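Values in this text are rule-based calculations from the coordinates and carry no lab data. Only a predicted model underlies this, so the values are computations on that prediction, with no experimental measurement involved. All Cβ positions, even for glycine, are placed from backbone atoms using ideal geometry, and neighbour counts span all protein chains on display.
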Amino acid sequence: MSAIVYDSTAVLGRHLRRIRHAPAIMVMTQTMPIVFLLFFGYVFGSAMAMPGAEYRAFLVPGLLVATAANGIMTGMFTAAQDSHRGVMDRFRTLPMSRTAIPLGQALADLPATAVGMVPLLLVGLAMGWRIEGSPLEALGAFGLLLLFRFATTWIGILLGLASRSEEAAGQLGGATFMLPLLSNAYLPTDNLPAWLRTVAEWNPISAVTAAVRDLFGNAQPPADAAWPVAHPVAGALCWSLALLALFLPLAVRRFAQNDR
């Protein structure tokens, strides 16, 4: 265990230095939610009729969760880049824990994400969004966001290790921007066709978004929604832990298989 901690810390430091010297991916993934907030907030905000909730207050939590879900893209691209440029091969020649190498990448993503969310929060506050819940509930919301980001990063690491090239990883990663569109991140699901509402409400992003809105005090989950959205905090925790339990060992196994 001590070897995993030591090796993970070393890899974490390497990825933090990498983000500092080459922040392009992180800047892009953190900038897009701000662009969406300004566009949707001002273009669609005046046209939205949402009883009991102002659209911008509804939108900010959804964009925070979309930022967390972007862990798939950043994890995929970073893992693919290291894999196809020989960095992983150099790691394999060292007496290091095989678990520590992807774990260090996933851990390094968390502080970068936390810092990257600050501009979105500031723009949201400037546009009139407020945290209406208690400080403890707000901390719980941020904790859920980081937990979900950690889980989605492992999905990205697995896909990046399995990708055939950096270009393929970049193309597939770009497609992940579609995932929040099939959720309640940007629009309520109440008026969707029944089949599409079911798909949207069983999207993990919907449960996390509903939980963050609930903890921030911005909106109550609809009572007639699917279980993960009707019980958002429990649903968000279940989805995040389930994704971690599935993709963390798969990513570590994939890395070990590439070692052979």
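Semi-axis lengths, largest first, of the ellipsoid equivalent to the chain are 34, 18, 17 Å, with √(5λ) applied to each eigenvalue of the Cα gyration tensor. The sum of -39500 (n - 2.57) across all DSSP H runs of n ≥ 4, divided by the residue count of the chain, sets its helix-only mean residue ellipticity at 222 nm to -24000 deg cm²/dmol. What translational D, rounded to a whole number of µm²/s, comes out for segment 63-181 from Stokes-Einstein when the hydrodynamic radius is the Kirkwood one over Cα pairs, at 37 °C and 0.692 mPa s? It diffuses with D of about 212 µm²/s by this estimate.
Peptides 188-195, 75-82: what's the order by average Cβ count within 10 Å, highest mean first? Could the numbers behind the result be given before it?
Numbers: 188-195: 11.8, 75-82: 25.6.
Going by the mean number of other Cβ atoms within 10 Å, highest first, we get 75-82, 188-195.
Taking 0.36 nm per residue of separation and subtracting the current Cα-Cα distance, fully stretching the chain between ALA126 and LEU181 would add 17.3 nm.
Got the relative contact order for segment 2-258 handy, in percent, Cα pairs under 8 Å and 6 or more residues apart?
On the way: 364 pairs, mean separation 68.6, N = 257.
Relative CO of segment 2-258 lands at 27 percent.
Given R0 = 41 Å, the distance between the Cβ atoms of PHE39 and ARG85 translates into a calculated FRET efficiency of 0.70.
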